[in-house]
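Taken together, the values in this text are just the output of simple stated rules run on the coordinates, not laboratory data. All figures in this text were calculated on a predicted structure; none of them were measured in a lab. Because the Cβ atoms are built from the backbone with ideal geometry, glycine has one as well, and the counts that use them run over all protein chains shown.
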Amino acid sequence: MTYHIRVRVGALIIKNDEILLTEFNDPYRGVFYDFPAGGAEPHESLIEAVKREAREEASIDVEVGPLAFVYEYAPHFNENKYGQTHTLVMLFDCTLKSGSTPKLPEKPDLNQTAVKWVPITELEDLELYAKIGKQIKEYASKKRNIDLLEEHKLLEKASSLI
């Protein structure tokens, strides 16, 4: 079954006024940066997908916190600059688990060249997959979150009240 909107998730990891980014060198776009992120797979929760993508793209284990951003890429409003797939990206505020050190995975994504800590102050100067450098800087200083309501957890809480 196909859907008209692709769901992507990502790990937003901020530590010591730096943000963890994956670096890509694309033959058409040149060097650009993204968060450890990717598409959610069938039978996988969003939280499970964030953890998997963090391991696959940055060789790290993360604690997934609250939802920080929802970003929509609608190709028809953007002259198809990132392709023709309508995409909804959910970035979660994450922290590294103890002993987890970011590094390029043994089998990186196509064109992935590095995993880097970048000062938040330099974020707006980078070519980001999504042009949200300004919003990330604001988020880092104000930390406002959005609750992710997971149906299976709502049922657990309701039954514990009985």
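Going through the cross-link list LYS15/LYS97; LYS51/LYS81; LYS107/LYS153, which pairs have a Cα-Cα distance over 23 Å in this structure? Before the final figure, lay out the partial values.
On the way: LYS15/LYS97 12 Å; LYS51/LYS81 28 Å; LYS107/LYS153 34 Å.
Table pairs above 23 Å Cα-Cα are LYS51/LYS81; LYS107/LYS153.
What is the magnitude of the charge dipole of the chain about its Cα centre, with +1 placed on the Cβ of each Lys and Arg, -1 on the Cβ of each Asp and Glu, and no other charges, expressed in debye to the nearest 20?
Details: 20 positive and 27 negative charges, 43 e Å.
So the dipole magnitude of the chain works out to roughly 200 debye.
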Before rounding to the nearest 500, sum -39500 (n - 2.57) across all DSSP H runs of length at least 4 in the chain and divide by the residue total; then give [θ] at 222 nm in deg cm²/dmol. -6000 deg cm²/dmol
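If you keep only loop residues by DSSP, which GluC sites (Glu not before Pro) in the stretch 24-114 have at most 10 other Cβ atoms within 10 Å of their Cβ?
Details: sites: GLU44, GLU48, GLU53, GLU56, GLU57, GLU63, GLU72, GLU79, GLU106; in loops: GLU44, GLU79, GLU106.
The qualifying sites are GLU79, GLU106.
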PRE zone check, label point 7 Å out along Cα-to-Cβ of LYS81, amide N under 16 Å, scope the stretch 1-44, hits 28-34
Radius of gyration, Dmax [the stretch 64-120; alpha carbons; angstrom]: 15.3, 43
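Using the number of other C-beta atoms within 10 angstrom as an exposure proxy, rank VAL31, VAL64 with the fewest first.
On the way: VAL31 13, VAL64 20.
So the residues, fewest neighbours to most, are VAL31, VAL64.
Among all stretches of the chain without exposed chymotrypsin sites (Phe, Trp or Tyr not before Pro) (DSSP loop, at most 14 other Cβ atoms within 10 Å), which one is longest? Could the numbers behind the result be given before it?
On the way: sites that count: TYR3, TYR28, TYR82.
With a cap of 14 other Cβ atoms within 10 Å, the longest stretch comes to 83-162.
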Quick P(r) readout (the chain; Cα-Cα; 5 Å bins; whole %) gives 2, 8, 16, 20, 22, 16, 9, 4, 2, 1, 0, 0
Distance (nanometres) between label positions extended 7 Å along Cα→Cβ at SER141 and LYS97: 3.5 nm
Picking from SER98, VAL7, LEU88, whose Cα lies most toward the positive end of the charge dipole for the stretch 6-160 (charges on Cβ: Lys, Arg +1; Asp, Glu -1)? SER98
Which trypsin sites (Lys or Arg not before Pro) from the stretch 30-114 combine a DSSP loop assignment with at most 16 other Cβ atoms within 10 Å? LYS97, LYS103
Kindly put LEU67, LEU149, LEU88, LEU20 in sequence by how many other C-beta atoms sit within 10 Å of each C-beta, fewest to most. LEU149, LEU88, LEU67, LEU20
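Only bridges with both residues in the chain count here: give the DSSP antiparallel percent, nearest 5. Walk me through the numbers on the way to the answer.
On the way: 27 of 37 bridges.
DSSP beta bridges in the chain are roughly 75 percent antiparallel.
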